[in-house]
Amino acid sequence: MSELVAKLAGSVGAFSEEAWDALVPDGNPFMRHGFLTALEDSGSVGDGTGWQPAPIVIEAAGGELLAALPAYLKGHSQGEYVFDHGWADAYERAGGRYYPKLQIAAPFTPATGPRMLLSNPALAAPLLGAAEQVCTQHGLSGAHATFIEPDQVPLFEEAGWLTRRDIQFHWTNRDYGSFDDFLGDLSSRKRKDLRKERAAAQGEVTIERLRGAEIRPEHWDYFWEFYQDTGARKWGTPYLTRAAFDLMHQRMGDALLLVLAFQDGEPVAGALNIIGRDALYGRYWGCTRDIRFLHFELCYYQAIDAAIELGLERVEAGAQGGHKLARGYEPVQTVSAHWIADPGFRAAIADFLKREHAGVAADANHLESRTPFRKS
């Protein structure tokens, strides 16, 4: 392999869209230049947010971009959905400094995807080595890659990174032609429950699904109001700025699906989804009126309808939420990888993860037995 140069950059925007997106497999929407730079240019990440862009790249001697890690210097553990607050507390009680740390992720996005963008798989080891070197040179406690697609997990393990498991709930399209086809796979009682929920919600509102150019500025104004309400209740302050939605629309509007609900002609709720090559990703939701079952209708059932219509393989509805199980979303294990600089702390984390793995596996087996599908 010709001479390679590893670099720490200040933003994804420092690279051309063409060069960056050439490394993104299957156009994963959350690794795209348009998504990551929309967060940067809108101020959703950067100064004052605790998410300082710090992409690590490998270039050929002539400057050609060959590999990249979408990385951030983190001053806290918010917006990650893989919870390490306990690790931070233990490290700092022992006299260490946990923050800043290096986070390899799509910010605010608990969706599985590639975390190493590689023109050649052989670049995985030097790329992760570069991340470790950044931690060592800058006195960071460690590096953390979250929601790694399954094909890349062995690359992290081969590099000696510790892996951690958690559980999400995804809906799988078994070649359904309609929502009723999906319902046909459920037990009789669950099938009736879902039909009742949909009927109750749809009886209160009119629902529109809008994509790309169909989404107008006033629709984003409506959705911003919904998003602020949810963000204020869940996190205290919404992660994204208003400008982020406009920039995402400008740069990746083809991948956006906005579902809005109207009552008596007034917008009352909305859910934003991102369309990938083989998956629909449910991202944000909010409402201004409390309407029974509307959350399930807009976030879960409308997503299933859209995935069937678009011929997508699955719906990823975000982090947590055991209530998704009763609505046809099945347990799926997700994986993160962690490089811990301090050897003693690394050994303690490794011991913790062994015990946690066993608990997650047991939970997954239990949840699988409680899915609403008909038992053969």
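Observations, loosely collected:
- Residue under evaluation residue 317, criteria (1) touching a helix residue (DSSP H, G or I) at 6+ places or on another chain (Cβ under 7 Å); (2) surrounded by fewer than 22 Cβ atoms within 10 Å (Cβ to Cβ); (3) modelled with pLDDT under 95, criterion not met: (2)
- Listed by first and then second residue, the pairs with beta-carbon distance under 9 Å, at least 6 apart or on different chains, first residue in the range 13-35 and of a type outside the set (A, V, I, L, M, F, W, C), second modelled with pLDDT under 95 and in a helix (DSSP H, G or I), are 21/27.
- Top-ranked residue in the range 194-216 [being open to solvent by 90 Å² or more (accessible area, probe 1.4 Å) and without any contact (Cβ under 8 Å) to a residue 12 or more places away in the chain; ranked as farthest from the chain's Cα centre (by Cα)]: 196
- Leading residue by the ranking (nearest to residue 161 (Cα to Cα)) among those in the range 358-368 that are of a type outside the set (S, T, N, Q) and open to solvent by 60 Å² or more (accessible area, probe 1.4 Å): 358
- Residue that is more than 28 Å from residue 36 (Cα to Cα) and among the aromatic types (Phe, Trp, Tyr), where the choices are 245, 293: 293
- Residue among 163, 136 that is open to solvent by 30 Å² or more (accessible area, probe 1.4 Å) and hydroxyl-bearing (Ser, Thr, Tyr): 136
- Single residue of 284, 329 found to be modelled with pLDDT under 95 and crowded, with 20+ Cβ neighbours inside 10 Å: 284
- Close contacts from the range 51-70, counting a first residue that is on the phi > 0 side of the Ramachandran plot and a second that is hydrophobic (A, V, I, L, M, F, W, C) and open to solvent by 10 Å² or more (accessible area, probe 1.4 Å), with Cβ to Cβ under 9 Å and a gap of 6+ residues or different chains, come to 63/5.
- For the range 230-238, the criterion of being modelled with pLDDT under 95 and in a strand (DSSP E or B) is met by no residue.
- Test: residue 200 is modelled with pLDDT under 95 and not polar (S, T, N, Q): no
- Here residue 296 qualifies as in contact (Cβ under 8 Å) with a residue 40 or more places away in the chain, over 19 Å from residue 109 (Cβ atoms) and either buried (at least 19 other Cβ atoms within 10 Å of the Cβ) or hydrophobic (A, V, I, L, M, F, W, C) (or both).
- Cβ-Cβ under 6 Å pairs, at least 6 apart or on other chains, the range 178-193 side on the phi < 0 side of the Ramachandran plot and part of a helix (DSSP H, G or I), far side surrounded by 14 or more Cβ atoms within 10 Å (Cβ to Cβ) and of a type in the set (Asp, Glu): 179/305
The values are calculated or read from the model by the stated rules, or taken from the named source; none is laboratory data. Owing to the predicted nature of the structure, the values given are computational and were not obtained by experimental measurement. All Cβ positions, glycine included, derive from the backbone under ideal geometry; neighbour counts span all protein chains shown. Calculation scope for accessible area: heavy atoms of the full protein, side chains included, ligands and nucleic acids excluded. Shrake-Rupley method; radii C 1.70, N 1.55, O 1.52, S 1.80 Å.
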